[in-house]
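The values are calculated or read from the model by the stated rules, or taken from the named source; none is laboratory data. Everything numeric here is computed off the predicted structure, so don't read it as measured data. Positions of Cβ are generated from backbone atoms using ideal geometry, with glycine treated the same way; all protein chains shown enter the neighbour counts.
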Amino acid sequence: MVYSRPWTSFPDQLALLKSRGMVVSDETAALDYLQRVGYYRLSAYWYPFRKFEVVQSSEPGKLTTKAMEEFHSDTQFVDAVRLYLFDKQLRLYLADALERIEISLRVDLSYLLGNRSSFAHIENTKAHFHPGFASRPFHKGSSQTAFDAWLGKYRGLVARSKEDFVRHYHANHGDELPIWVAVEVLDFGAISQLFSMLNVKDQLAIANRYSVNDWKVFKSWLFSLSYLRNL
């Protein structure tokens, strides 16, 4: 397959959109957005305004939808821009909220586990983790436990870290990071996984700090927030 679409100037990009039925009320502003944001990025936001047709799928007997080049009538360029700005603002709000939760959870985990052992996060004992949670198969049919899988991920995060504080601790205190340092290299997924392996009373104690009285609900929320953060 040979790629045949040519390079297109900003004025030609705008002319192409207009030829497909998009209404451009302010050409100067539209050109400015094309120059600063880019045609390809903005195309994701005017995609819902395109017309669609039902066509035969590559699988026999099945139908699918195909985006056409034309836009629905009265599709405004500014509508796509507003969607882009809304999406941008939403991601900023989410990033701010998720960071607050993530940092707070790091403190919760390091404070609770660190009170028992500086290296509790690498010690798979009943004092720190629920055997039924930490020792379960990582996934169906796996011989690796959830704790071993988490520990492997943690080791990888430490090895890949370029942070000065990690190098400082390795140089001055040895290979293993104490829990209150280790939590700083964990991503949200690793944090939620670590929480899910704690003893029930510890999960409940942390959940109660956020006015949640069901540790199972709180654990499910953390997995959902981790997934949302990845998105």
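Name the residues in region 133-168 that are loosely packed, with under 11 Cβ neighbours inside 10 Å and more than 22 Å from the chain's Cα centre (by Cα), would you? Reasoning before the result, please.
Pass one, region 133-168, residues loosely packed, with under 11 Cβ neighbours inside 10 Å: 139-141, 143, 159-160, 162, 164.
Once the filter is applied, which keeps residues that are loosely packed, with under 11 Cβ neighbours inside 10 Å and more than 22 Å from the chain's Cα centre (by Cα), region 133-168 yields LYS140, GLY141, SER143, ASP164.
The set of residues from region 13-25 being surrounded by 13 or more Cβ atoms within 10 Å (Cβ to Cβ) and either in contact (Cβ under 8 Å) with a residue 12 or more places away in the chain or among the charged types (D, E, K, R) (or both) comprises GLN13, LEU14, LEU17, LYS18, ARG20, GLY21, MET22, VAL23, VAL24. Applying the condition of being of a type in the set (A, V, I, L, M, F, W, C) and free of Cβ contacts under 8 Å to residues at least 60 places away in the same chain to region 185-206 and asking which residue is farthest from LYS216 (Cα to Cα) yields VAL185.
Taken over region 136-184, the residue count meeting the criterion of being in contact (Cβ under 8 Å) with a residue 12 or more places away in the chain, part of a loop (DSSP other than H, G, I, E, B) and more than 15 Å from SER110 (Cβ to Cβ) is 2. How about region 71-103: which of its residues are closer than 30 Å to LEU17 by Cβ and either among the charged types (D, E, K, R) or outside any helix (DSSP H, G or I) (or both)? Residues satisfying the conditions are PHE71, HIS72, SER73, ASP74, THR75, GLN76, ASP79, ARG82, ASP87, LYS88, ARG91.
Residues are listed down the side, and each one gets a yes or a no for (1) modelled with pLDDT under 95; (2) closer than 30 Å to ALA190 by Cβ; (3) of a type outside the set (Ser, Thr, Tyr); (4) loosely packed, with under 12 Cβ neighbours inside 10 Å:
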residue: GLU27; (1), (2), (3), (4): no, no, yes, no
residue: VAL37; (1), (2), (3), (4): no, no, yes, no
residue: SER43; (1), (2), (3), (4): no, no, no, no
residue: VAL55; (1), (2), (3), (4): yes, no, yes, yes
residue: LEU63; (1), (2), (3), (4): yes, no, yes, yes
residue: GLU70; (1), (2), (3), (4): no, no, yes, no
residue: LEU113; (1), (2), (3), (4): no, yes, yes, no
residue: ARG116; (1), (2), (3), (4): yes, yes, yes, no
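If only residues of region 30-54 that are in a helix (DSSP H, G or I) and aromatic (Phe, Trp, Tyr) are counted, the one that is nearest to LYS66 (Cα to Cα) is TYR47. On inspection, HIS121 passes the criterion of being closer than 30 Å to ALA182 by Cα and crowded, with 17+ Cβ neighbours inside 10 Å. Scanning region 197-218 for residues that are surrounded by fewer than 21 Cβ atoms within 10 Å (Cβ to Cβ) and among the small types (Gly, Ala, Ser) returns ALA205, SER211.
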